[in-house]
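Working notes, structure below.
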């Protein structure tokens, strides 16, 4: 039998006093409550050294109304939350009340979730710009050497469902079907109006537009907007292809062989081209596990010394190859230097990328072949006669990767960049930033840059601060 609330004496057992209802005073200083070296202290010191003028000037221009929360407080709370894998505005608001580190950074204030959400929305670009400051901070701490960098992309789920997307071919079918249904409903409505006029007279107000007709017209307008967007993208792609072909023909001084592409005004999207209705700027992409998801493509270039991200961006293109050169140029802009060695997987291989060289002393290693999981051996070279320029470049790259030095350098790619995506996105037992909270490429990009910035700040707090103090 279990007895609750009964005190037994004389049984040789002693307990500490237990009275949850007993009021008590908290220590007067937060430093007496939190242990020395707590993460909240480190984030407070870090934020005090950041340049937050981009946030300050917004409040300076709009000085009306009640005083707002200090930018250093809001940035510190957000950084503390994201480092602890807390992303929801409501959970961050609870963190300022229920977590001692959050209460310390909030300095006793308790901003509600609307304030936190609005701060991220209004200052999204300023928070994203802190990524460059995170790179400079890690550089000064000696965590970035640029001896070896690795680039990769990861598909991150958008705040949208793939089931709310539709292919161009299906849009054409649905448009015809909906137009027919709307015409039938309108015919039935006119017939009903005639019957009502004959029964009640023409001066009696009729009923509102039927709900079925409204619903179909709304759906048709959404489909037409998505259809026009796909057609505009197809025309833009055809125009770019035509301009590229004309440039090559001028360079050669004669027409290129093969069939000429269709003019832009005749270009149409492929039947399988899809567009979502919830977040139209996201795309259906194939994730690493082979599953198709509604996602964006997060790009990152990571330094090999301490896994610091030195360049990052977000795109709605599933292919990685078009982003190789822009990402490497961003490395130069963010760090002021050029990497000695650059490695990337087969998703980045192209003739132009393989020939890219940021400096005379740089070496670029991009595998032309996708390797199976756990494999490090390059496929055997196939014997062939006449080869294209791309095939010759692939053959040369395979030869380089077969050398002991090339093989060992390229093998470092998996332990440089892939763990970074794992640290940001988490794992099934401990999920991290695995999907975006906001919709649209601009807002999703702001979130991705802030996620990469918090990754770098955490690297600095763990390793760089020790190096600075020791130095």
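The values are calculated or read from the model by the stated rules, or taken from the named source; none is laboratory data. Predicted model only: the values in this text are computed from it and were never measured. Reconstructed Cβ throughout: ideal geometry from the backbone, glycine too, with neighbour counts over all protein chains shown.
One line per residue, one yes/no per condition, for (1) in the same structural domain as residue 436 (by TED's automatic domain parsing); (2) in a loop (DSSP other than H, G, I, E, B); (3) over 25 Å from residue 159 (Cα atoms):
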residue	(1), (2), (3)
295	yes, no, no
313	yes, no, no
317	yes, yes, no
330	yes, no, yes
343	yes, no, yes
### Message
Just checking, does region 173-192 include any residue being surrounded by fewer than 17 Cβ atoms within 10 Å (Cβ to Cβ) and either in contact (Cβ under 8 Å) with a residue 60 or more places away in the chain or part of a loop (DSSP other than H, G, I, E, B) (or both)?
### Response
no
### Task
With respect to residue 290, determine if the residue is at pLDDT 75 or above, out of contact with any strand residue (DSSP E or B) (no Cβ under 8 Å at 6 or more places or on another chain) and surrounded by fewer than 16 Cβ atoms within 10 Å (Cβ to Cβ).
yes
### Task
Specify which of the listed residues (104, 119) is in contact (Cβ under 8 Å) with a residue 40 or more places away in the chain, under 24 Å from the mean Cα position of the chain (by Cα) and assigned to a helix (DSSP H, G or I).
119
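Collect the residues in region 86-98 that are in contact (Cβ under 8 Å) with a residue 12 or more places away in the chain, surrounded by 15 or more Cβ atoms within 10 Å (Cβ to Cβ) and either in a loop (DSSP other than H, G, I, E, B) or assigned by TED's automatic domain parsing to the domain that holds residue 460 (or both), keeping them in residue-number order.
Going residue by residue through region 86-98, those that are in contact (Cβ under 8 Å) with a residue 12 or more places away in the chain are 87-90, 92-93, 95-97.
Right, trim to surrounded by 15 or more Cβ atoms within 10 Å (Cβ to Cβ) and you get 87, 89, 92-93, 95-96.
Residue satisfying the conditions is 87 alone.
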### Task
Can you confirm whether region 209-222 contains a residue that is exposed (fewer than 11 other Cβ atoms within 10 Å of the Cβ), out of contact with any helix residue (DSSP H, G or I) (no Cβ under 7 Å at 6 or more places or on another chain), modelled with pLDDT under 70 and part of a loop (DSSP other than H, G, I, E, B)?
no
## Note on the structure
Here the residues within region 397-455 that are closer than 19 Å to residue 117 by Cβ, in contact with a strand residue (DSSP E or B) (Cβ under 8 Å, 6 or more places away or on another chain) and surrounded by 20 or more Cβ atoms within 10 Å (Cβ to Cβ) are 433, 436, 444, 445, 448, 449
### Message
As an exercise: evaluate residue 158 against (1) at pLDDT below 95; (2) buried (at least 23 other Cβ atoms within 10 Å of the Cβ); (3) over 25 Å from residue 283 (Cβ atoms) and give the number of the one condition it does not meet.
### Response
(3)
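Residues to consider are 59, 109; find the one that is surrounded by fewer than 19 Cβ atoms within 10 Å (Cβ to Cβ) and assigned to a helix (DSSP H, G or I). Full working, then the answer.
Working: 109 fails: assigned to a helix (DSSP H, G or I).
Matching residue, one of 59, 109: 59.
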### Task
Please work out which one of (1) surrounded by fewer than 19 Cβ atoms within 10 Å (Cβ to Cβ); (2) more than 19 Å from residue 434 (Cα to Cα); (3) in contact with a helix residue (DSSP H, G or I) (Cβ under 6 Å, 6 or more places away or on another chain); (4) modelled with pLDDT of 85 or more is the condition residue 326 fails and give its number.
(3)
